[in-house]
Amino acid sequence: FVWNEIFTSKRLINLIYNYDFYAVSSTNNEKLLFRKIILKHFIILYLLIKFRISKKNISIEMVKILLLFKLIHKKNISDIIHILKELMRSQIDKNGFHKSNNPSYQAEFINNLHEIKNIFLYFEIKVPESILYQIYNMTSVLANLIHKDSSIALFNGSNNANYNNIIKIINLTKDIKLKKLENIKNGIVVY
């Protein structure tokens, strides 16, 4: 469905991130149209989150764009920070694995956390410690999933097509030490 929260969030993120690019050559009427499209996307996302009973299954993309939109418009972000913390608690286990147990989704989640961190830094807001912790926590686990032959652990739909992107995401965090995994559950075993 084209208006589900993930597609709408990703479209809105791309519209905002690339606004300068297409606004440079646009007329004033076209700029107004772009702003209306952006506003309508935000309203749809805001209504999706407002009427959702459980906030635990909100996508990180949705949290990221709502945070960015609220900061751009100088609104209070405490509710978004609370939702983000709940999201991390529900989607990341104590070892630092994403609930999907898929290295590609793990890398995508880490990348979104990096973008959220950069949004905080851009607006000169202190990055919550829980975000910084999870970036390190999840990255150290992700680095465990790279084999000595430079391939990715292939389980839960993972494949080596994303290898270069996963390595870039691992390298975003400096001085990572591989995490020793304990009390492994859900079928994950590290040799």
Filtered residue count, region 123-175, keeping only those that are at negative phi and without any contact (Cβ under 8 Å) to a residue 12 or more places away in the chain: 14
Could you say whether any residue in region 80-89 is under 15 Å from Met62 (Cβ atoms), among the hydrophobic types (A, V, I, L, M, F, W, C), open to solvent by less than 20 Å² (accessible area, probe 1.4 Å) and without any contact (Cβ under 8 Å) to a residue 24 or more places away in the chain? yes
Scan region 129-176 for residues that are open to solvent by 20 Å² or more (accessible area, probe 1.4 Å), closer than 21 Å to His82 by Cβ and either touching a helix residue (DSSP H, G or I) at 6+ places or on another chain (Cβ under 8 Å) or modelled with pLDDT under 85 (or both) and jot them down. Ser130, Leu132, Gln134
Within the bounds of region 92-102, is there any residue that is open to solvent by less than 50 Å² (accessible area, probe 1.4 Å) and assigned to a helix (DSSP H, G or I)? no
Applying the selection to region 112-127, what residues are open to solvent by 60 Å² or more (accessible area, probe 1.4 Å) and part of a helix (DSSP H, G or I)? Asn118, Leu121, Tyr122
Looking at region 7-36, which of its residues are open to solvent by 80 Å² or more (accessible area, probe 1.4 Å), of a type in the set (Phe, Trp, Tyr) and closer than 18 Å to Leu71 by Cβ? Tyr17
Let me spell it out: the conditions are (1) under 22 Å from His41 (Cα atoms); (2) without any contact (Cβ under 8 Å) to a residue 40 or more places away in the chain; (3) of a type outside the set (A, V, I, L, M, F, W, C); (4) open to solvent by less than 40 Å² (accessible area, probe 1.4 Å), and Lys75 meets all of them except one. Which number is the exception? (4)
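The values are calculated or read from the model by the stated rules, or taken from the named source; none is laboratory data. All values reported here derive from a predicted model rather than from experimental measurement. All Cβ positions, even for glycine, are placed from backbone atoms using ideal geometry, and neighbour counts span all protein chains on display. SASA here: full protein model, heavy atoms, side chains in, ligands and nucleic acids out. Shrake-Rupley method; radii C 1.70, N 1.55, O 1.52, S 1.80 Å.
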